[in-house]
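The structure under discussion appears below in the form of structure tokens.
The values are calculated or read from the model by the stated rules, or taken from the named source; none is laboratory data. Quick caveat, the model's predicted, so the values are computed rather than measured. Here the Cβ is made from the backbone with ideal geometry for all residues, glycine too, and neighbour counts use every protein chain on show. Quick note on the areas: whole protein, heavy atoms, side chains included, nothing else; ligands and nucleic acids left out. Shrake-Rupley method; radii C 1.70, N 1.55, O 1.52, S 1.80 Å.
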Amino acid sequence: GNRKDLMPNEPYDCPTKPFGGGEDYIWSPDGKSVVYVCKKKFGTDYAVSTNTDLYAYDIATGKTSNITTGWEGYDQNPAFNANGDLAWLSMKRDGYESDKQDIVVKTANANVFLNLTANDDNIHAESFIWSKDGKMIYFTAPIDGTLQLFSVTYPGLSKMMPVITQLTKGDFDVSAIIGQTEYSLVVSRTDMNHAAELYNVNLVNGKMEQLTHVNDATYASLAMGKVVKRMIRTSDDKEMLAWVIYPPGFDSTKKFMFIIRNIK
């Protein structure tokens, strides 16, 4: 068929530069529109602003509307559920690229916006995926120096509050959500001693079952280093988490020399 430019005569980038990719645009479930991420600014305003927005392009009319007018920070990673509810990752303040990142949903049948993670100051959402029934969102977020899997309920237009649940715990990172079945998610997981492998996560009890063993033969010939969490008291009397990574074969009765190189 014929190609159609969704941003004719617009001097803007989609995907967004420098890190944007396929997650910056998505079809609506009914196939009538495309939602995309863009920062429609020029010059210095473009350089200092973090205010990306979600735009909906209507295929039939060729008209574009800004879905996130008034949302001043990063808005990115749009994803629909089967019912047409639109979720995305959003930061609140313009120009603050390290702001708390929340999961926001715009309801399909009303112009209502719901911030599902706003009430938990410890949650900085990263990647996410809708449950197949559209009533839940699974996402990853950092906690205690690791990246774990969480869920949050989607109340829709009811008056119920979203409920956030941590599904996995341990000294590892759930680095990506790959896919799902009715009662489990497939994720990639890595830690200080291991490269990423695929795991199945039981959504009822959080139990993880390793699915791939690509690197087992390599690990069998390697000595692993012990990794320990340690809390350090800071100069302003706070506790800061640090990782102590011991070299393979560490012997506490011997002295070791550590060399730190500053490469410029």
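Worth a mention:
- Estimated inter-spin distance, E97 and A82, nm [label 7 Å along Cα→Cβ]: 3.9 nm
- Note on region 142-215: the alpha carbon radius of gyration divided by the globular reference 2.2 N^0.38 Å gives 1.22.
- Think of each Lys and Arg Cβ as +1 and each Asp and Glu Cβ as -1; about the Cα centre, that makes the dipole of the chain roughly 420 debye.
- Karplus-derived HN-Hα couplings along region 73-80 (A = 6.51, B = -1.76, C = 1.60, θ = phi - 60°), whole Hz, x at Gly and Pro: x, 4, 10, 7, 6, x, 8, 8
- Candidate lysines - alpha carbon under 23 Å from K255, same-chain residues fewer than 8 apart omitted: K226, K229
- Choice from M231, M208, M192 with maximal GNM fluctuation in the chain (Cα, 10 Å cutoff): M231
- Using 0.36 nm per residue and subtracting the Cα-Cα separation, the extra length available between Y183 and Y12 on full extension is 57.4 nm.
- For A110 and A196, a Förster radius of 35 Å and the Cβ-Cβ distance give a FRET efficiency of 0.30, rounded to the nearest 0.05.
- Under the combined filter of DSSP loop state and at most 14 neighbouring Cβ atoms within 10 Å, region 56-158 retains these GluC sites (Glu not before Pro): E97.
- Inter-site label distance for D133 and F42 at 7 Å from Cα along Cβ, in nm: 5.1 nm
- Anisotropy class of region 77-129 from Cα gyration tensor, a/c 1.5 cut: prolate
- Evaluated over region 55-211, the count of Lys pairs having alpha-carbon atoms less than 30 Å apart is 23 (only pairs 8 or more residues apart or interchain).
- Cα gyration tensor category, rounded, prolate or oblate, for region 92-190 with a/c compared to 1.5: oblate
- Within region 176-225, the chymotrypsin sites (Phe, Trp or Tyr not before Pro) that combine a DSSP coil assignment with at most 11 other C-beta atoms in a 10 angstrom radius are Y183.
- Most mobile listed residue (E182, E209, E239) in the chain, GNM with C-alpha springs under 10 Å: E239
- Charge sum, other residues only, whose C-beta stays under 13 Å from L149's C-beta, Lys/Arg counted +1 and Asp/Glu -1: +1
- Labels on offer are (i) 61, 21, 15; (ii) 28, 21, 19; (iii) 39, 23, 20, and the one holding semi-axes √(5λ) of the Cα gyration tensor in Å computed from this structure is (iii).
- The trypsin sites (Lys or Arg not before Pro) of region 136-224 that meet both conditions, a loop assignment by DSSP and at most 11 other Cβ atoms within 10 Å of the site Cβ, are K159.
- Convex hull per residue volume in Å³, alpha carbons only, for region 1-156: 133 Å³
- Oblate is the label for region 156-264, because the ratio a/c of its alpha-carbon gyration tensor axes (a ≥ b ≥ c) is 1.5 or higher and a/b is not greater than b/c.
- GNM flexibility winner over the chain from D13, D24, D53 (Cα, springs under 10 Å): D13
- Taking H124, H194 and ordering them by how much accessible surface each has at a 1.4 Å probe, largest first, produces H194, H124.
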